[in-house]
Ligand code: OGA
Ligand code: NI
């Protein structure tokens, strides 16, 4: 039995009026009227695939990017512009359906998967101005197809195809990350595993009447190894924290924004940074993104690669299995999950 959750933010937005109190963000970092733009390095993935003469230069760029801001814009990833448009379109079409139609795929109150928004766990929790569709994609036998929209008709096939491409890119990127540190190329990938899990989350941000007071997503770092974010083609909103300041992340229309998650920060003994990020809203236009979180196999123990533990850089993190479950326990209590595995 699927129980109704709180109203979709999309409905709150279309009803107009003042947004409910519990959406007002009370963090001390605040929401300024404008923000500087972050220069996110653009990395050409095609240089890693073959014995390209540009490989070394691109590896340097990658290492600098993920050891400073924790993210980069990946181009030449092998997916056509029209295919990425399709990936966005199936999501946009889904969110444009009538509420009753979307609610056929609602998540159950005690579950994270499906269509819905924040679980309300306490009265003073601040809610995010977004609706989501959250689906486990891998391992395949864990897919709950009843939560995968049948409308639009191509939804399942498009999401399947997109995530299969990302699976290949994940291996490529994890190997490039290792090579960029002159390590054996499999040292991160071995900890990740062949049967790693992948979770797709379409994020829908309706226009918000009070962008000065409300966030689309509160500050967090991802619990993944790496995350692929397909941004909205036209509407910005993502911000990354760097040197204690929030920066807007620019849109590069056909690039994939790849960010380091907590688990690669752990494996790299802190060389690579899992950046804090959040989403701001705007009062004019809706925004939709698709985040795909790539997580190591749950029963593989992950920990700092031995070569990265030195006298100058002592071990920073404990070894841990199934970081994701620890992540959710701490996230709900407002703690930064990675802090609980710091030594
Ligand atoms: C996320 C996330 C950013 C965005 O889903 O974890 O950070 O721009 N999304 O939607
Ligand atoms: Ni995120």
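A short reminder: the numbers here are calculations on the coordinates, not readings from a lab. From a predicted model like this one, the values you see are computed outputs, not experimental measurements. Note that we place each Cβ from the backbone using ideal geometry, even for glycine, and neighbour counts take in every protein chain shown.
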Legend entry - Cα coordinate range in segment 38-125, projected on the principal axes (Å, largest first): 54, 36, 23
Legend entry - Most fluctuating residue given options 121, 64, 181, as computed from a GNM of the chain linking Cα atoms under 10 Å: 121
Inset, instruction - Work out, step by step, the length gained on full extension between residue 154 and residue 167: first 0.36 nm times the residue separation, then minus their alpha carbon distance; give nm to one decimal. - result: 2.7 nm
Legend entry - Relative contact order [Cα under 8 Å, 6+ residues apart], segment 100-258, whole percent: 21
Inset, instruction - Note the direction-averaged projected area, equal to a quarter of the hull surface, for the Cα convex hull of segment 192-283, in nm². - result: 6.9
Inset, instruction - Give the Debye-formula value of log10 I(q)/I(0) at each listed q (0.14, 0.20, 0.21 Å⁻¹), with one equal scatterer per alpha carbon of segment 186-343, two decimals each. - result: -0.74, -1.30, -1.38
Legend entry - Two-site label geometry, residue 328 and residue 145: point separation in nm, points 7 Å out along Cα→Cβ: 2.3
Legend entry - Proxy reagent accessibility, fewest Cβ within 10 Å first, across 285, 107, 201: 285, 201, 107
Inset, instruction - Quote to one decimal, in nm, the extra length available between residue 80 and residue 194 on full extension: 0.36 nm per residue of separation minus the C-alpha distance between them. - result: 38.5 nm
Legend entry - Anisotropy class of segment 72-212 from Cα gyration tensor, a/c 1.5 cut: prolate
Inset, instruction - Pairs of Cα atoms under 8 Å, at least six residues apart: use those to get the relative contact order of segment 189-286, whole percent. - result: 40
Inset, instruction - Using a 10 angstrom cutoff on alpha carbons, build the Gaussian network for the chain and name the most mobile of 41, 314, 296. - result: 314
Inset, instruction - Work out how far the C-alpha atoms of the chain reach from end to end along every principal axis, then list the three figures in whole Å, largest first. - result: 57, 43, 38
Inset, instruction - Within 10 Å of each residue's Cβ, count the other Cβ atoms and sort 79, 295 from fewest upward. - result: 79, 295
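Only Cα pairs under 8 Å and at least 6 apart count here; give the relative contact order of the chain as a rounded whole percent.
21
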Inset, instruction - State the dimensionless ratio Rg/Rh of segment 4-89 (Rg: radius of gyration of Cα atoms; Rh: Kirkwood radius). - result: 1.17
Legend entry - Max mean-square fluctuation residue, GNM over the chain, Cα-Cα springs under 10 Å, options 134, 162, 192: 162
Legend entry - Relative exposure of 50, 224, judged by other C-beta atoms within 10 Å (fewest first): 50, 224
Legend entry - Taking only Cα atoms of segment 113-181, radius of gyration then Dmax in Å: 16.6, 47
Legend entry - Zero-based 10 Å bins, Cα pair distances in segment 148-215, whole percents: 16, 30, 23, 23, 8, 0
Inset, instruction - Answer rounded, prolate or oblate for segment 1-158, using the Cα gyration tensor with square roots of eigenvalues a ≥ b ≥ c: rounded when a/c is under 1.5, else prolate when a/b is larger than b/c, else oblate. - result: oblate
Inset, instruction - Can you tell me how much longer the chain between residue 340 and residue 97 gets when fully stretched, taken as 0.36 nm per residue apart minus their C-alpha distance, in nm with one decimal? - result: 83.4 nm
